[in-house]
1. Look at region 195-207 and say how many of its residues are open to solvent by 60 Å² or more (accessible area, probe 1.4 Å), of a type outside the set (S, T, Y) and either in contact with a helix residue (DSSP H, G or I) (Cβ under 6 Å, 6 or more places away or on another chain) or within 18 Å of K136 (Cα to Cα) (or both).
2. Using beta carbons and a limit of 6 Å, which pairs, at least six apart or on different chains, have the first residue in region 166-189 and over 26 Å from G110 (Cα atoms) and the second one of a type in the set (K, R)?
3. From the list R79, R128, exactly one residue is among the charged types (D, E, K, R) and open to solvent by less than 10 Å² (accessible area, probe 1.4 Å). Which is it?
4. If you take the residues of region 146-194 that are of a type in the set (K, R) and more than 25 Å from I118 (Cβ to Cβ), which of them is surrounded by the most Cβ atoms within 10 Å (Cβ to Cβ)?
5. Among what's in region 118-133 and is free of Cβ contacts under 8 Å to residues at least 60 places away in the same chain and either touching a Phe, Trp or Tyr at 6+ places or on another chain (Cβ under 6 Å) or assigned to a helix (DSSP H, G or I) (or both), pick the residue that is farthest from A179 (Cα to Cα).
6. Going through region 1-29 one residue at a time, which ones are in contact with a Phe, Trp or Tyr (Cβ under 7 Å, 6 or more places away or on another chain) and hydrophobic (A, V, I, L, M, F, W, C)?
7. What pairs come out if I take residues in region 8-28 that are open to solvent by less than 50 Å² (accessible area, probe 1.4 Å) and pair them with residues that are among the β-branched types (V, I, T) whose C-beta lies under 6 Å away, six or more apart or interchain?
8. Condition first: surrounded by 14 or more Cβ atoms within 10 Å (Cβ to Cβ) and without any contact (Cβ under 8 Å) to a residue 12 or more places away in the chain. Can you find one or more residues in region 34-49 that meet it?
Amino acid sequence: MNTSTLDKLRKLKFFGMYHAFKSCLETGQTAEYTTDELLAHLVEAEWDDRQNRRIERTIMYAKFRYKASVENIHYHADRSIDRNQVMRLADCTFVDRNENLLITGSTGIGKSYIASAIGHQACIQGYRVFYASTPKLFAKLKMAKADGSYMKETAKLERQQLLILDDFGIQPFDAQSRAALMEVIEDRHGKTSLIITSQLPVSKWYEVIGEKTIADAILDRIVHDAHRIELKGESMRKRRPAEPEKGYLENHL
């Protein structure tokens, strides 16, 4: 009977229950449980398994550039990172409030790592997240304009509760990319959240966006009441190997 039950659990894709029940049988723990306790144990195992698989799917779909975690952020005094601020952002209530986060600082200082770490936290808490290199994203949207899939691509972006735009301003926006940026920001304004990382201070974003009227409209929607992390100090690549966030150097070299 137990073999048949295990086979049915596997076919029904109740993998949490399957592995928990199989483990109980192999270790003889079934005798230690009452019927209610065994049922509760199996249901809890199934719940945990489904939650873990959901998180894994969400993280995989987000397409993070780095495998990052808030626990592995290093709060060097010369980087000007406020641990309390990061921990408040990591609870992701800013996503509930449809607020934005702007992370600026020089190349290699850890902007993308922090953005990815907070993005991972959002995935764990059940938010839909998508990470994109800004230049690559808008190059893709240009191609989508040409092949007729533009509306599909922008609709996919709009569905994300948290959109991470990495390397914003690394190259100036041309007219087509500027129009696409305006559309993406307008679709999300007041409904979802953004994390933007940039080597440039926010005051320089007008120049890379171009077209003052459009830049004003975009930045008014992005910057107003946004949280900010302004990193300082030298590139993390120049630090001793023991100092960077875990896994950061290998992802950069």
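The values are calculated or read from the model by the stated rules, or taken from the named source; none is laboratory data. The model shown is predicted, which means the values in this text are computed figures rather than measured ones. Positions of Cβ are backbone-derived with ideal geometry, glycine not excepted, and every protein chain shown enters the neighbour counts. Just the protein is used for accessible areas: all its heavy atoms, side chains included, with ligands, DNA and RNA removed. Shrake-Rupley method; radii C 1.70, N 1.55, O 1.52, S 1.80 Å.
1. Residues that pass the stated criteria total 1.
2. So the pair list comes out as Q176/K142; H189/R221.
3. Result of the check over R79, R128: R79.
4. This residue is R178.
5. Among those residues, the one meeting the criterion is Q121.
6. L6, L9, listed by residue number.
7. C24/T30
8. The answer is no; no qualifying residue exists.
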